[in-house]
Amino acid sequence: MEKQIVELGLADWKAAQADPASIAAVEAGKVLYFPRLHFTIWPQEATLLRPDLLAEGKRNISLDAAGTLKGAAADADEQKALAGLIGRFRAQAQALVHGLLPDYSPHLRLAPTSFRPAQVESRAQSWRADDKRLHVDAFPSRPNRGERILRVFANINPEGQPRTWRVGEPFEDVARRFLPRARPYRRWQARALNTLGITKSLRSEYDHLMLQLHDGMKGDADYQKNAPQVTMPFAAGSAWVCFSDQTPHAVMGGQFMMEQTLHLPPEAQYNPASSPLAILTRLAGHSLIP
Ligand SMILES: O=C(O)CCC(=O)C(=O)O
Ligand SMILES: [Fe+2]
């Protein structure tokens with residue numbers, strides 16, 4: 001398998017440059033890895049690196065696009081400090097993406113920024129929600145009609161623990177493997193899910209197929225074990241960027257990470273033909289978002 005992780009020497013969040021090879025790599029579904037790109041935790045923030053700040057039943061603490069903090073069980077001072085920490089990561093992640101992928105800037109839609117203080121190894125989840133299984137991101141309740149999911153991650157573990165991922169094969173290989181097994185799209189089912197409020201808008205055929213890939217991968221023990229993949233320990237103090245709707249990924253271990261999601265219309269890509277929407281449309285032979 002061709003190399004799925006591309007290492008870059010950048011050490012300053014604000015100094016990224018638009019380099020055609022990096023742009024092509026991330027749009028091909030590779031992970032851009034920045035081992036020297038360190039997100040600084042201020043000394044007075046060190047006490048915020050605690051999993052007990054998570055509210056009951058929450059997997060992460062997030063700052064929504066409007067600046068409201070969610071998911072924290074903390075007093076007012078800690079809430080303020082958390083919002084400051086997460087907001088600072090948001091600004092740096094945005095600066096990085098702006099520098100690396102400047103043509104995206106006018107088209108990006110900001111999603112929540114998250115702080116993930118839980119130890120990955122101790123999380124127990126249903127197979128469908130289990131991010132320890134290789135998957136591409138697709139969300140059952142939130143149809144996106146092909147809108148891209150670009151994510152910036154930073155490992156902020158204070159004890160040098162890596163965040164270990166598995167990174168899988170190129171998206172087209174995933175699609176060719178799992179599309180033949182995908183249940184066909186039924187518009188009446190999509191309408192029923194929407195009427196019942198299970199989805200926030202009508203699930204398109206694109207959204208249906210992405211969920212079929214997501215579930216197909218996660219539900220296939222043989223694929224999990226034997227699919228082309230590399231194990232990648234992202235070092236403490238590093239950052240990485242990928243399109244998580246395209247790059248098969250699984251998190252195997254680690255604790256304390258920051259994550260920023262940015263949405264992008266696929267037509268705003270440098271090469272729209274590389275998007276999951278374009279690839280699935282080509283393989284299906286008809287429009288998936290009529
Ligand atoms: O927590 C992680 O390291 C990654 C989890 C994941 O699958 C994701 O953020 O899409
Ligand atoms: Fe994911």
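The values are calculated or read from the model by the stated rules, or taken from the named source; none is laboratory data. Because the structure is predicted, anything quoted here is derived from the model rather than measured. Ideal geometry is used to build each Cβ from the backbone, glycine not excepted, and the neighbour counts take in all protein chains shown.
Condition first: without any contact (Cβ under 8 Å) to a residue 24 or more places away in the chain, crowded, with 16+ Cβ neighbours inside 10 Å and over 30 Å from LEU48 (Cβ atoms). Can you find one or more residues in the stretch 265-279 that meet it?
Yes, because at least one residue in the stretch 265-279 is without any contact (Cβ under 8 Å) to a residue 24 or more places away in the chain, crowded, with 16+ Cβ neighbours inside 10 Å and over 30 Å from LEU48 (Cβ atoms).
Taking GLY160 as the residue in question, decide whether it is at positive phi and either in contact (Cβ under 8 Å) with a residue 12 or more places away in the chain or within 13 Å of ligand 1 (Cβ to nearest atom) (or both).
yes
Within the stretch 120-147, which residues are surrounded by 13 or more Cβ atoms within 10 Å (Cβ to Cβ) and away from ligand 1 (no atom under 11 Å from the Cβ)?
Those that are surrounded by 13 or more Cβ atoms within 10 Å (Cβ to Cβ) and away from ligand 1 (no atom under 11 Å from the Cβ): ARG128, PRO140, PRO143, ASN144, ARG145, GLY146, GLU147.
When the residues of the stretch 152-172 are narrowed to those that are among the aliphatic types (A, V, I, L, M) and outside any loop (DSSP other than H, G, I, E, B), which ends up farthest from PHE115 (Cα to Cα)?
Residue satisfying both the conditions and the ranking: VAL167.
Please go through the stretch 13-66 and pick out each residue that is among the polar types (S, T, N, Q) and either outside any loop (DSSP other than H, G, I, E, B) or within 21 Å of the chain's Cα centre (by Cα) (or both).
SER22, GLN44, THR47, ASN60, SER62
Could you list, in sequence order, the residues of the stretch 224-262 that are under 19 Å from TRP127 (Cβ atoms) and within 13 Å of ligand 2 (Cβ to nearest atom)?
SER244, PRO248, HIS249, ALA250, VAL251, MET252
Hey, any hits in the stretch 79-92 for a residue that's in contact with an Asp or Glu (Cβ under 9 Å, 6 or more places away or on another chain), under 30 Å from ASP173 (Cβ atoms) and in contact (Cβ under 8 Å) with a residue 24 or more places away in the chain?
no
For the stretch 173-275, list the helices (runs of 4 or more DSSP H) that sit wholly inside it and hold at least 1 residues that are in contact with a Gly (Cβ under 6 Å, 6 or more places away or on another chain) and within 17 Å of ARG145 (Cβ to Cβ); which are they?
Hits in the stretch 173-275: 205-218.
Take the residues of the stretch 109-119 that are of a type in the set (A, V, I, L, M, F, W, C) and over 30 Å from ALA190 (Cα atoms): which is nearest to ligand 1 (Cβ to nearest atom)?
Top of the filtered list is ALA118.
Test ALA111 against the criterion of being buried (at least 18 other Cβ atoms within 10 Å of the Cβ), among the small types (Gly, Ala, Ser) and either modelled with pLDDT of 95 or more or under 30 Å from GLY9 (Cα atoms) (or both), and give yes or no.
no
Take ALA25 and tell me if it is under 26 Å from TYR270 (Cβ atoms) and either in contact with a His (Cβ under 8 Å, 6 or more places away or on another chain) or surrounded by 12 or more Cβ atoms within 10 Å (Cβ to Cβ) (or both).
So ALA25 passes the test.
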